[in-house]
Amino acid sequence: MVNPMMKRKKSNLNAIILLYLLLSVFTHLHSQSKDDIYEIYQNKDYNTLKEKLTTIKASLPKAEQLFFETLFIQDAEKAFEIYKELFEKNDGKVKYFSAERLKDYYYAKGYYSTASDYERYLVENRDLIESKTYEIAQEPAESPVDTDRFYIQVGAFTLQENALQMQEMLQTQKINSKIITREVQSKKLYCVWVPGLDEFSDTLKYANELKQKYHLDYNIIKE
(Lines give C-alpha, C1' and ligand atoms only; values in the text may rest on other atoms or scores of the structure.)
Protein backbone atom coordinates (compact mmCIF):
# COMPACT_ATOMS: atom_id res chain seq x y z
CA MET A 1 0.00 0.00 0.00
CA VAL A 2 1.31 3.45 -1.01
CA ASN A 3 2.06 5.76 1.87
CA PRO A 4 -0.23 8.84 1.54
CA MET A 5 2.60 11.10 2.69
CA MET A 6 4.95 9.77 0.02
CA LYS A 7 2.23 10.06 -2.59
CA ARG A 8 1.64 13.71 -1.65
CA LYS A 9 5.40 14.47 -1.79
CA LYS A 10 5.66 12.86 -5.21
CA SER A 11 2.69 14.88 -6.43
CA ASN A 12 4.27 18.09 -5.12
CA LEU A 13 7.57 17.21 -6.80
CA ASN A 14 5.83 16.61 -10.13
CA ALA A 15 4.05 19.97 -9.80
CA ILE A 16 7.36 21.72 -9.11
CA ILE A 17 8.99 20.06 -12.12
CA LEU A 18 6.05 21.03 -14.34
CA LEU A 19 6.19 24.62 -13.09
CA TYR A 20 9.94 24.75 -13.75
CA LEU A 21 9.45 23.46 -17.31
CA LEU A 22 6.71 26.01 -17.98
CA LEU A 23 8.88 28.83 -16.65
CA SER A 24 11.78 27.66 -18.82
CA VAL A 25 9.59 27.67 -21.93
CA PHE A 26 8.20 31.10 -21.07
CA THR A 27 11.70 32.49 -20.47
CA HIS A 28 12.92 31.06 -23.78
CA LEU A 29 9.97 32.46 -25.73
CA HIS A 30 10.30 35.82 -24.00
CA SER A 31 14.00 36.02 -24.84
CA GLN A 32 13.29 34.95 -28.42
CA SER A 33 10.64 37.68 -28.79
CA LYS A 34 13.07 40.29 -27.53
CA ASP A 35 15.75 39.13 -29.97
CA ASP A 36 13.20 39.21 -32.79
CA ILE A 37 12.18 42.80 -32.13
CA TYR A 38 15.80 43.97 -32.05
CA GLU A 39 16.47 42.16 -35.32
CA ILE A 40 13.42 43.83 -36.90
CA TYR A 41 14.67 47.19 -35.65
CA GLN A 42 18.15 46.63 -37.10
CA ASN A 43 16.56 45.73 -40.43
CA LYS A 44 14.65 49.07 -40.27
CA ASP A 45 11.34 47.29 -40.89
CA TYR A 46 9.31 49.79 -38.87
CA ASN A 47 5.87 48.61 -39.99
CA THR A 48 6.55 45.09 -38.74
CA LEU A 49 8.19 46.54 -35.64
CA LYS A 50 5.08 48.51 -34.79
CA GLU A 51 2.89 45.41 -35.15
CA LYS A 52 5.29 43.27 -33.10
CA LEU A 53 5.42 45.88 -30.37
CA THR A 54 1.67 45.66 -29.79
CA THR A 55 1.93 41.94 -29.00
CA ILE A 56 5.01 41.85 -26.75
CA LYS A 57 5.08 45.34 -25.27
CA ALA A 58 3.82 44.21 -21.87
CA SER A 59 6.61 41.63 -21.58
CA LEU A 60 9.42 44.13 -22.22
CA PRO A 61 11.25 46.03 -19.46
CA LYS A 62 10.15 49.66 -19.20
CA ALA A 63 13.38 51.01 -20.72
CA GLU A 64 12.95 48.82 -23.82
CA GLN A 65 9.28 49.75 -24.11
CA LEU A 66 10.21 53.42 -24.03
CA PHE A 67 13.00 53.01 -26.56
CA PHE A 68 10.79 51.33 -29.16
CA GLU A 69 7.81 53.62 -28.56
CA THR A 70 10.01 56.67 -29.04
CA LEU A 71 10.82 55.52 -32.58
CA PHE A 72 7.30 56.56 -33.54
CA ILE A 73 7.27 59.96 -31.85
CA GLN A 74 6.99 62.74 -34.44
CA ASP A 75 8.57 65.42 -32.24
CA ALA A 76 12.33 65.00 -32.87
CA GLU A 77 13.34 67.20 -29.94
CA LYS A 78 11.21 65.21 -27.50
CA ALA A 79 12.59 61.94 -28.89
CA PHE A 80 16.12 63.29 -28.47
CA GLU A 81 15.54 64.02 -24.79
CA ILE A 82 14.15 60.51 -24.21
CA TYR A 83 17.10 58.84 -25.95
CA LYS A 84 19.54 60.97 -23.99
CA GLU A 85 17.96 59.86 -20.71
CA LEU A 86 17.87 56.22 -21.83
CA PHE A 87 21.55 56.38 -22.74
CA GLU A 88 22.52 57.89 -19.39
CA LYS A 89 20.43 55.60 -17.17
CA ASN A 90 20.68 52.20 -18.85
CA ASP A 91 23.16 49.70 -20.20
CA GLY A 92 23.22 46.89 -22.75
CA LYS A 93 21.26 47.14 -25.97
CA VAL A 94 19.06 50.00 -24.80
CA LYS A 95 22.12 52.15 -24.13
CA TYR A 96 23.79 51.06 -27.38
CA PHE A 97 20.85 51.76 -29.68
CA SER A 98 20.05 55.01 -27.87
CA ALA A 99 23.61 56.10 -28.64
CA GLU A 100 23.00 55.21 -32.27
CA ARG A 101 19.90 57.43 -32.37
CA LEU A 102 21.76 60.27 -30.63
CA LYS A 103 24.65 60.01 -33.09
CA ASP A 104 22.25 60.39 -36.03
CA TYR A 105 20.50 63.30 -34.32
CA TYR A 106 23.72 65.23 -33.74
CA TYR A 107 24.95 64.58 -37.28
CA ALA A 108 21.65 65.91 -38.64
CA LYS A 109 22.09 69.02 -36.48
CA GLY A 110 25.66 69.50 -37.66
CA TYR A 111 27.23 68.86 -34.25
CA TYR A 112 29.90 66.58 -35.67
CA SER A 113 32.20 66.59 -32.64
CA THR A 114 29.42 65.41 -30.29
CA ALA A 115 28.22 62.89 -32.88
CA SER A 116 31.72 61.45 -33.11
CA ASP A 117 31.73 60.86 -29.33
CA TYR A 118 28.67 58.64 -29.71
CA GLU A 119 30.20 57.01 -32.78
CA ARG A 120 33.27 56.11 -30.72
CA TYR A 121 31.04 54.58 -28.03
CA LEU A 122 29.33 52.47 -30.70
CA VAL A 123 32.66 51.30 -32.09
CA GLU A 124 34.01 50.34 -28.67
CA ASN A 125 30.83 48.54 -27.57
CA ARG A 126 29.76 46.78 -30.74
CA ASP A 127 30.05 43.40 -29.05
CA LEU A 128 26.78 44.25 -27.28
CA ILE A 129 24.89 43.45 -30.48
CA GLU A 130 27.20 41.23 -32.49
CA SER A 131 28.91 37.92 -32.01
CA LYS A 132 32.48 37.52 -33.17
CA THR A 133 33.62 37.25 -36.76
CA TYR A 134 34.06 33.58 -37.50
CA GLU A 135 35.42 33.42 -41.03
CA ILE A 136 36.73 35.55 -43.86
CA ALA A 137 34.69 34.81 -46.97
CA GLN A 138 36.72 36.64 -49.55
CA GLU A 139 39.42 39.24 -49.97
CA PRO A 140 40.21 41.19 -53.15
CA ALA A 141 43.44 40.61 -55.04
CA GLU A 142 44.89 43.84 -53.65
CA SER A 143 43.98 43.14 -50.05
CA PRO A 144 44.68 45.89 -47.51
CA VAL A 145 47.09 45.14 -44.71
CA ASP A 146 45.18 43.71 -41.76
CA THR A 147 46.95 45.96 -39.27
CA ASP A 148 44.32 48.67 -39.75
CA ARG A 149 42.71 49.38 -36.45
CA PHE A 150 39.42 50.63 -37.89
CA TYR A 151 37.19 49.43 -40.71
CA ILE A 152 34.22 51.13 -42.32
CA GLN A 153 31.34 48.74 -42.86
CA VAL A 154 29.41 49.99 -45.88
CA GLY A 155 27.02 47.09 -46.31
CA ALA A 156 25.69 43.93 -44.64
CA PHE A 157 23.77 41.43 -46.76
CA THR A 158 22.07 38.09 -46.28
CA LEU A 159 23.15 37.10 -49.82
CA GLN A 160 26.85 36.86 -50.66
CA GLU A 161 26.10 37.85 -54.26
CA ASN A 162 24.90 41.28 -53.13
CA ALA A 163 28.06 41.81 -51.09
CA LEU A 164 30.19 40.86 -54.10
CA GLN A 165 28.33 43.37 -56.27
CA MET A 166 29.04 46.15 -53.80
CA GLN A 167 32.69 45.12 -53.61
CA GLU A 168 32.92 45.26 -57.42
CA MET A 169 31.38 48.74 -57.41
CA LEU A 170 33.96 49.91 -54.87
CA GLN A 171 36.79 48.42 -56.90
CA THR A 172 35.70 50.43 -59.96
CA GLN A 173 36.25 53.52 -57.77
CA LYS A 174 39.73 52.28 -56.70
CA ILE A 175 38.46 51.57 -53.17
CA ASN A 176 39.81 48.40 -51.56
CA SER A 177 37.46 46.32 -49.47
CA LYS A 178 36.97 42.85 -48.13
CA ILE A 179 33.96 40.68 -47.43
CA ILE A 180 33.65 38.90 -44.14
CA THR A 181 30.84 36.90 -42.60
CA ARG A 182 29.36 37.83 -39.26
CA GLU A 183 26.78 36.07 -37.18
CA VAL A 184 24.25 38.54 -35.79
CA GLN A 185 21.51 37.06 -33.60
CA SER A 186 21.97 33.64 -35.26
CA LYS A 187 21.71 35.22 -38.68
CA LYS A 188 24.59 35.01 -41.18
CA LEU A 189 25.50 38.29 -42.85
CA TYR A 190 28.04 39.11 -45.56
CA CYS A 191 29.62 42.43 -44.60
CA VAL A 192 31.66 44.72 -46.83
CA TRP A 193 34.51 46.42 -44.99
CA VAL A 194 36.63 49.27 -46.28
CA PRO A 195 39.91 49.73 -44.35
CA GLY A 196 39.93 52.86 -42.24
CA LEU A 197 42.82 55.07 -41.17
CA ASP A 198 45.05 54.92 -38.11
CA GLU A 199 43.08 57.45 -36.08
CA PHE A 200 39.38 57.25 -35.27
CA SER A 201 38.77 60.91 -36.21
CA ASP A 202 40.41 60.42 -39.62
CA THR A 203 38.43 57.23 -40.21
CA LEU A 204 35.20 59.02 -39.32
CA LYS A 205 36.01 61.84 -41.75
CA TYR A 206 36.77 59.31 -44.51
CA ALA A 207 33.53 57.44 -43.78
CA ASN A 208 31.53 60.65 -44.13
CA GLU A 209 33.26 61.40 -47.43
CA LEU A 210 32.25 57.95 -48.73
CA LYS A 211 28.69 58.54 -47.54
CA GLN A 212 28.41 61.91 -49.27
CA LYS A 213 30.05 60.78 -52.52
CA TYR A 214 28.49 57.32 -52.90
CA HIS A 215 25.41 57.56 -50.62
CA LEU A 216 26.64 54.70 -48.46
CA ASP A 217 25.44 54.30 -44.90
CA TYR A 218 28.19 53.05 -42.65
CA ASN A 219 29.29 51.71 -39.30
CA ILE A 220 32.83 52.02 -38.03
CA ILE A 221 34.27 48.74 -36.74
CA LYS A 222 37.22 48.44 -34.39
CA GLU A 223 39.23 45.24 -34.86
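The values are calculated or read from the model by the stated rules, or taken from the named source; none is laboratory data. The model shown is predicted, which means the values in this text are computed figures rather than measured ones. Because the Cβ atoms are built from the backbone with ideal geometry, glycine has one as well, and the counts that use them run over all protein chains shown.
Working only within the range 57-79, note down all residues that are among the polar types (S, T, N, Q) and closer than 15 Å to residue 98 by Cα.
The answer is 65, 70.
For the range 93-109, does any single residue satisfy the condition of being of a type in the set (S, T, N, Q) and surrounded by fewer than 18 Cβ atoms within 10 Å (Cβ to Cβ)?
no
Hey, any hits in the range 167-182 for a residue that's under 20 Å from residue 97 (Cα atoms), at pLDDT 80 or above and either surrounded by 12 or more Cβ atoms within 10 Å (Cβ to Cβ) or assigned by TED's automatic domain parsing to the domain that holds residue 95 (or both)?
yes
Hand me the list of helices (runs of 4 or more DSSP H) wholly inside the range 1-113 holding 3 or more residues that are modelled with pLDDT of 90 or more and within 19 Å of the chain's Cα centre (by Cα).
Answer list for the range 1-113: 62-70, 76-89, 92-109.
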